[in-house]
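A.B. asks: The following block contains the structure, expressed as structure tokens.
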Amino acid sequence: MLKQVEGSIAVAEAIALCRPEVVCAYPITPQTHIVEGVGALVKKGELENCEFINVESEFAALSVAIGASAAGARAYTATASQGLLYMAEAVYNAGGLGLPIVMTIGNRAIGAPINIWNDHTDAMSMKDAGWIQLFAETNQEGVDLHIQAFRLAEELSCPVMVCIDGFILTHAYERVDIPTQEEVDAFLPPYDPVQVLDPADPYSIGAMVGPEAFTEVRYLAHEKQRQALQLIPEIAEVFKDVFGRASGGLIHPYRTEDAETIVIALGSVNGTIKEVVDEMRDDGMRVGSVSICSFRPFPLAELKETLIGARNVIVLEKSLAPGLGGVVASNVRMALREAPLPVYTVIAGLGGRPITVASIARVIKGAEKGELPDVQFLDLDEEVVAQEVGRAAETRRSGPTAENILKTLGAVSAGRH
Amino acid sequence: MSKESALQRVKFYQTGTHTVGNRLMDEDSRTVQASMDRSNAITSGHRACQGCGEALGARYALDAAMRAAKGQLVAVNATGCLEVFTTPYPETSWQIPWLHSLFGNAPAVATGVAAAMRRKGRNDVKVVAQGGDGGTTDIGFGCLSGMFERNDDVLYICYDNEAYMNTGVQRSSATPPTARTATTPALGDAPGNVFGTGKNLPLIAMAHNIPYVATASVADLHDLEAKITTAMDISGSRYIHIMVPCPLGWGSAPHDTIRLARLAVESGLFPLFEAEHGEVTQSNKIRRKVPVEEYLRPQRRFAHLFRKGHEDTERLAALQRMADVNIKRFNLLAERESP
Ligand SMILES: Cc1ncc(C[n+]2csc(CCOP(=O)(O)OP(=O)(O)O)c2C)c(N)n1
Ligand code: SF4
Ligand SMILES: [Mg+2]
């Protein structure tokens, strides 16, 4: 049914349609509306046969999901930012145990300095925890990916994170088509676990493994992700058959056929990028873009195939690996190791900074002229940076950087009034 | 018992009159361990040290829990000695469904298992979570308090050997004052652990008003089994704190495990009691009160208190005061009721 609805509520409804049996909740902005939404559906009786458990931390939230999943229940939780870090140990544990938990990340920056706005630092911090990571471009895709995520997780026995941009998606009211229960039931069979705590067939889950077999266990986790490379497009195909719309898959190329410059990004910013692509195409420039939907497993072959004819590749990413540059860009370079192309890293949108059409266009033109540095921070305020560097050089006790910058900005804006 | 083939049946050999759980007593008074039909939840072949109180306590506790649950039991385990010595790769000692996730999350994992069982319509399956003192009083404390506060249907058992044994005997918040551990060495003016304010987890559990809290000891295995059985009959959050001497960490002889556990009880340092909904309902009376010295002296972790010519009388007196406070608080010396 078509609805004008907040992203979080749409996701909550999608979760309910997937009939989770245990949902654990701990609040953090911008994830709150999702678990509140699921909780309300349980309380109203619309989501039946579901335990909604309010816990005392994110660490407990995922731990409850681990126990529930190992006992054969379909388990779900959601978090963001600091919450994802707080549960980090359990994230790796669920990955290592191969428990098909689905978790939404309402992507948000990580402090310090504390910041509630959107970027992808949280998800990137867990990119190697053995979870599948899917990024939604729109709220519609957010809904669809969650439904696909349960099927994917359970077929592979591997946890899946569905990443939706905090605020930009979670808090945006958009038109979303919420499927019917019949459609979802036809697509998503009941959970049939590969391992389960059962007194009739007792075994030990989570036992110690030494050097004799640890490598093999880890190898199989890698292999599982490689299987996911096959399964993700297959599931997207089936989804299309049942629901009549394309969603998910590994990557979404946009006007890349004869493109000389291709911009790669994750999540909602692809909407803006496509706008730029259209405008530039109208001006006769050969530009395209690729939205990476599956960041883990990373679609090396598909990217290579899409990028091979281009002259410039720009990775516009909402995450930073301090001391290196881009997280996503490093992965993209891996895809191009046999066909080296210049891959530019553009760090953008950190802590919620808007990414504008004009700035993206400027970057693309820079790349085409060969003027783009290896790593660029989009719309960096050089003046503020220079002032702070100067202050730090002047006195030993220069104080906290973030505080100083806020003071500088405050003085500047006060002066403008 | 479900799926008989998965379980290794117990064999008893005649070794003396009072072995294997008072088999000379009448049937009703015998321990769970005395029965050939006990589930043998942790079977032989595990790698615990000789004289390990934790291995003993866990076997008695889980076999009693298995009997109470009619074999429908799932155990969740925190990281620690019990987890490590029962699952030496590629073997396992567990004959029941068993899940180890992390060091600090056993209570939450157990909550999840219990929730799943309820949703699966398996109300007959009971859940036990277990951890060492470190996993319980320190790193798992937040999750445990959450489990209590929600009154989740889990029996949590803490095996208290008063330090982080699995990592090589470091101090935990359950380590007694003056005890030597690897991180509270017997050096300087006040060797061993400091006198803090203490962190009495059974009392903290009681402050959550959960339906049942008890302390138990491997010195009185019959009492331990009875408390487990009582706990298993109650729904909601239940907590049992078992003292389990550790020869390796305490520097004691393996054959002294039971003796030391008994001396801890008889000195008043480890009071045995039961509580319901935050109120103490019963305490086990001390039959023969002993000075704390009798308990401390055989343990090398307290050796610095008894150096020839340098007896640490001041701190020994402070430890005695701790025992005396317990005796008063839990009414451990009250007259036994006449028959
Ligand atoms: C998060 C985390 N921190 C530290 C450890 C290391 N560690 C494993 S077992 C253990 C000690 C366990 O002590 P306790 O809970 O008292 O159980 P015991 O071994 O004494 O029975 C420690 C510190 C760990 N596994 N995980
Ligand atoms: S170190 Fe202590 S607790 Fe661990 S196995 Fe040995 S005796 Fe048992
Ligand atoms: Mg311990």
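The values are calculated or read from the model by the stated rules, or taken from the named source; none is laboratory data. Keep in mind that what you see is a predicted model, and the values were worked out from it rather than measured. Using ideal geometry, Cβ is built from the backbone for each residue, glycine included, and neighbour counts are taken over all protein chains shown. For the accessible areas, the whole protein counts, side chains as well, though only heavy atoms, and no ligand, DNA or RNA atoms are used. Shrake-Rupley method; radii C 1.70, N 1.55, O 1.52, S 1.80 Å.
A.B. asks: Might you check whether a residue that is outside any helix (DSSP H, G or I), within 16 Å of ligand 1 (Cβ to nearest atom) and either of a type in the set (Phe, Trp, Tyr) or closer than 24 Å to B:ASP256 by Cα (or both) occurs anywhere in the range B:35-46?
C.D. replies: Restricting attention to the range B:35-46, the residues satisfying the condition of being outside any helix (DSSP H, G or I) are B:35-46.
Remaining after also requiring within 16 Å of ligand 1 (Cβ to nearest atom): B:42, B:46.
Those left that are additionally either of a type in the set (Phe, Trp, Tyr) or closer than 24 Å to B:ASP256 by Cα (or both): B:42, B:46.
Yes, that holds for at least one residue.
A.B. asks: Counting only residues that are surrounded by fewer than 24 Cβ atoms within 10 Å (Cβ to Cβ) and either in a strand (DSSP E or B) or more than 8 Å from chain B (Cβ to nearest Cβ) (or both), how many does the range A:54-71 have?
C.D. replies: 1
A.B. asks: I've got another one for you. Of everything in the range A:72-91 that's in a helix (DSSP H, G or I) and within 14 Å of another protein chain (Cβ to nearest Cβ), which residue is most open to solvent (accessible area, probe 1.4 Å)?
C.D. replies: Going through the qualifying residues, I end up with A:TYR86.
A.B. asks: I'd like the full set of residues that are hydrophobic (A, V, I, L, M, F, W, C) and more than 16 Å from ligand 2 (Cβ to nearest atom), limited to the range B:80-114.
C.D. replies: Residues of the range B:80-114 that are hydrophobic (A, V, I, L, M, F, W, C), as a first pass: B:81-82, B:84-85, B:94, B:96, B:98-99, B:102-103, B:106, B:108-110, B:113-114.
Answer for the range B:80-114, where residues must be hydrophobic (A, V, I, L, M, F, W, C) and more than 16 Å from ligand 2 (Cβ to nearest atom): B:ILE96, B:TRP98, B:LEU99, B:LEU102, B:ALA106, B:ALA108, B:VAL109, B:ALA110, B:VAL113, B:ALA114.
A.B. asks: Please tell me if A:CYS18 is more than 7 Å from chain B (Cβ to nearest Cβ), crowded, with 24+ Cβ neighbours inside 10 Å and of a type outside the set (Lys, Arg).
C.D. replies: Working: more than 7 Å from chain B (Cβ to nearest Cβ): yes; crowded, with 24+ Cβ neighbours inside 10 Å: no; of a type outside the set (Lys, Arg): yes.
When the stated conditions are applied, A:CYS18 does not pass them.
A.B. asks: I'd like to know if the range B:171-194 contains one or more residues that are within 13 Å of the chain's Cα centre (by Cα), within 16 Å of ligand 3 (Cβ to nearest atom) and outside any helix (DSSP H, G or I). Even if it seems obvious, please write down each step before you answer.
C.D. replies: Kept after step one, since they are within 13 Å of the chain's Cα centre (by Cα), are these residues of the range B:171-194: B:174.
Cutting the leftovers down to within 16 Å of ligand 3 (Cβ to nearest atom) gives us B:174.
From what is left, the residues that are outside any helix (DSSP H, G or I) are B:174.
Yes.
A.B. asks: If B:ILE139 passes every condition in (1) under 14 Å from A:PRO202 (Cβ atoms); (2) open to solvent by 40 Å² or more (accessible area, probe 1.4 Å); (3) among the hydrophobic types (A, V, I, L, M, F, W, C) but one, which one does it miss?
C.D. replies: (1)
A.B. asks: With the checklist (1) on the phi < 0 side of the Ramachandran plot; (2) within 16 Å of ligand 1 (Cβ to nearest atom) in hand, flag the one item B:LYS227 doesn't pass.
C.D. replies: For B:LYS227, the failing item is (2).
A.B. asks: Please identify the pairs in which a residue from the range B:157-186 that is away from ligand 1 (no atom under 12 Å from the Cβ) has its Cβ atom under 7 Å from the Cβ atom of a residue that is aromatic (Phe, Trp, Tyr) and open to solvent by less than 40 Å² (accessible area, probe 1.4 Å), counting only partners at least 6 apart or on another chain.
C.D. replies: Short answer, once both residue conditions are applied: B:THR178/B:PHE302; B:ALA179/B:PHE302.
A.B. asks: Working carefully through the options A:ASP201, A:ASP165, A:ASP144, A:ASP128, find the one that is of a type in the set (Asp, Glu) and within 14 Å of chain B (Cβ to nearest Cβ). First the steps, then the outcome.
C.D. replies: On the way: A:ASP165 fails: within 14 Å of chain B (Cβ to nearest Cβ); A:ASP144 fails: within 14 Å of chain B (Cβ to nearest Cβ); A:ASP128 fails: within 14 Å of chain B (Cβ to nearest Cβ).
Among A:ASP201, A:ASP165, A:ASP144, A:ASP128, only A:ASP201 is of a type in the set (Asp, Glu) and within 14 Å of chain B (Cβ to nearest Cβ).
A.B. asks: Another question, then. Conditions: (1) farther than 26 Å from A:ALA186 by Cβ; (2) of a type outside the set (A, V, I, L, M); (3) within 12 Å of another protein chain (Cβ to nearest Cβ). A:GLN31 meets all but one. Number of the miss?
C.D. replies: With respect to (1) farther than 26 Å from A:ALA186 by Cβ; (2) of a type outside the set (A, V, I, L, M); (3) within 12 Å of another protein chain (Cβ to nearest Cβ), A:GLN31 is out only on (3).
A.B. asks: Can B:SER145 be described as among the hydroxyl-bearing types (Ser, Thr, Tyr) and closer than 30 Å to B:HIS255 by Cα? Working first, answer last.
C.D. replies: On the way: among the hydroxyl-bearing types (Ser, Thr, Tyr): yes; closer than 30 Å to B:HIS255 by Cα: no.
Spelling it out, it is not the case that B:SER145 is among the hydroxyl-bearing types (Ser, Thr, Tyr) and closer than 30 Å to B:HIS255 by Cα.
A.B. asks: Taking the options A:ALA112, A:ALA94, name whichever one is among the hydrophobic types (A, V, I, L, M, F, W, C) and in a helix (DSSP H, G or I).
C.D. replies: On the way: A:ALA112 fails: in a helix (DSSP H, G or I).
Just one listed residue meets the conditions, A:ALA94.
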